[in-house]
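Colleague: I am attaching a structure below and will ask some questions about it afterwards.
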Amino acid sequence: MTGAYDKVLRERMVHILRRLGIPRDLVGWVASFMTNRKSTIAFEGQESDTFDIPAGIPQGSPLSPILFLFYNEELVRICSRPGRPVVCIAFVDDVNVMAYGQSTEDNCRELLRMHRACEEWAARHGAVFAPQKYELMHFTRARNQFNLQAELRLPGQTIQPKQVMRVLGVWLDSRLRWKGHLDAVAGKMKTQVRALSQTTQSTWGLPLRQARMVYNMVIRPALTYGAIAWHQPQGQGGTGPAKSGLALKLTTVQNSCLRIVAGAYKRTPTSTLEAETHTVPLDIHLDGLVAKAVNRMKASGMAQQIENACAAIRTRLRHRGVTRGAQRHMGAVVHPAALPVDWEQQWIQGAKERATAEMTPEQRANLDQASYNHWLKREQLWRWVQRWKRREPPWGERHGRPPDKKILKWHTGLRKARSTIIIQLRSGKTGLAAFLNRCPELPWTPRIP
């Protein structure tokens, strides 16, 4: 939509809230909130006279996103009509309509019908769509069975199908292999890693603890955004390393950042870097994010809604004569990151059992969502320690202790250069002969101490 917040009509908003059964006091409060709004324009030291704002909701108000969800509630229902092969996913003014069927041409015709219904809704609500932002993508893994060049022909505009598309910050590709998301994240991480390197120079850069904080609070959240959609947990319930998937490919980004934070040599093992900076392996961190999201969705009832929607789609396709084998090649049938039952039991149930082993039944019954998140975080650390115990100790390592957050206290008040020396000595990867003479790319010389 174009200027979604600015085009919200006060009378229409009040009507919608009343129709949805919102208490009269709240409806009156919202009506007052949207009444007698005024503004001015200031530019280069000059300010205009005050003028009225007859419509719209404030851009910066925390209430505005909530109000707009009510405002376009009918639009979402129109695009998710029972009995029609369509599903709508929307957040504020970003609306995504997904059609499914036996051919891409059928899907395009269904999308055209939905677009006409959406335009009727827009006319009643004073909304304006932005055709220049329309995007089309055909999801399938059976590339030779469907016409992937089928176009969506709207009045005055033809939408060509794309191979990669961004939806709420996550990049989708037509094969649902997440290559587009990986490429987008990798491109973004080049800038992030370069910025981290520029702020953590060996002599004057950020100390280790502050550099580690920058990575954990800025870079890693961007690296793992949307993990519930694209991360597939694997590897011995989290105690074994990731063997494939995006987690394995993105681990190289975390490794690069940790080498910058620690000032370690490239030959320093990943497990040593993670322990010395007390940073959970990326795949275990992703497993924890997915476990938290699954636990949250189950507690809120959202998981059941997703399962019901998938079951309804499967039922409609079977009634249309589409076999289960064909369903696997069609989009929107199965959640993209469907979890193995055994993994879910190991992570969520295992964390709960270990966390509540010493609790009374009353204490277990009173656990809230925050408590579960706390214990899931402890589960990450437990699985990290189990993986550490299974590893083969690298040559030159001066300690064999499992990961412990207390190690960060050693770097309190130290400059980057001193922290780097400590890590190099503990890892055995230093600039001395014992390490350098083991590097085949370096010629041996007796002058190395």
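The values are calculated or read from the model by the stated rules, or taken from the named source; none is laboratory data. A quick note: this is a predicted structure, and the numbers were derived from the prediction, not measured. Note that each Cβ is placed from the backbone with ideal geometry, even for glycine, and that neighbours are counted across all protein chains shown.
Colleague: Please verify whether residue 57 is touching a residue at least 40 places away in the same chain (Cβ under 8 Å) and assigned by TED's automatic domain parsing to the domain that holds residue 121, treating the condition exactly as stated.
Modeller: no
Colleague: Name the residue that is farthest from residue 113 (Cα to Cα), counting only residues in the stretch 49-90 that are touching a Ser or Thr at 6+ places or on another chain (Cβ under 9 Å) and either in a helix (DSSP H, G or I) or of a type in the set (D, E, K, R) (or both).
Modeller: 49
Colleague: Also: Determine whether the stretch 102-118 contains at least one residue that is outside any helix (DSSP H, G or I) and either surrounded by fewer than 16 Cβ atoms within 10 Å (Cβ to Cβ) or out of contact with any strand residue (DSSP E or B) (no Cβ under 7 Å at 6 or more places or on another chain) (or both).
Modeller: Yes.
Colleague: Here is a follow-up. Name the single residue that is modelled with the lowest pLDDT among those in the stretch 412-427 being closer than 15 Å to residue 274 by Cα and not hydrophobic (A, V, I, L, M, F, W, C).
Modeller: The extreme case among them is 427.
Residue-wise test of (1) in contact with an Asp or Glu (Cβ under 9 Å, 6 or more places away or on another chain); (2) closer than 26 Å to residue 417 by Cβ; (3) part of a loop (DSSP other than H, G, I, E, B).
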{"position": "144", "(1), (2), (3)": "no, no, yes"}
{"position": "165", "(1), (2), (3)": "yes, no, no"}
{"position": "187", "(1), (2), (3)": "no, no, no"}
{"position": "197", "(1), (2), (3)": "no, yes, no"}
{"position": "202", "(1), (2), (3)": "no, yes, yes"}
{"position": "212", "(1), (2), (3)": "no, yes, no"}
{"position": "216", "(1), (2), (3)": "no, yes, no"}
{"position": "221", "(1), (2), (3)": "no, no, no"}
{"position": "225", "(1), (2), (3)": "no, no, yes"}
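Colleague: Please list, ordered by first then second residue, the pairs with beta carbon atoms under 7 Å, 6 or more apart or interchain, first in the stretch 153-168 and at negative phi and in contact (Cβ under 8 Å) with a residue 24 or more places away in the chain, second surrounded by 13 or more Cβ atoms within 10 Å (Cβ to Cβ) and polar (S, T, N, Q).
Modeller: Qualifying pairs under 7 Å: 163/174; 167/96.
Colleague: Starting from residues that are exposed (fewer than 10 other Cβ atoms within 10 Å of the Cβ) and not assigned by TED's automatic domain parsing to the domain that holds residue 125, keep the ones in the stretch 60-90 and report whichever is modelled with the highest pLDDT.
Modeller: Among those that are exposed (fewer than 10 other Cβ atoms within 10 Å of the Cβ) and not assigned by TED's automatic domain parsing to the domain that holds residue 125, it is 62.
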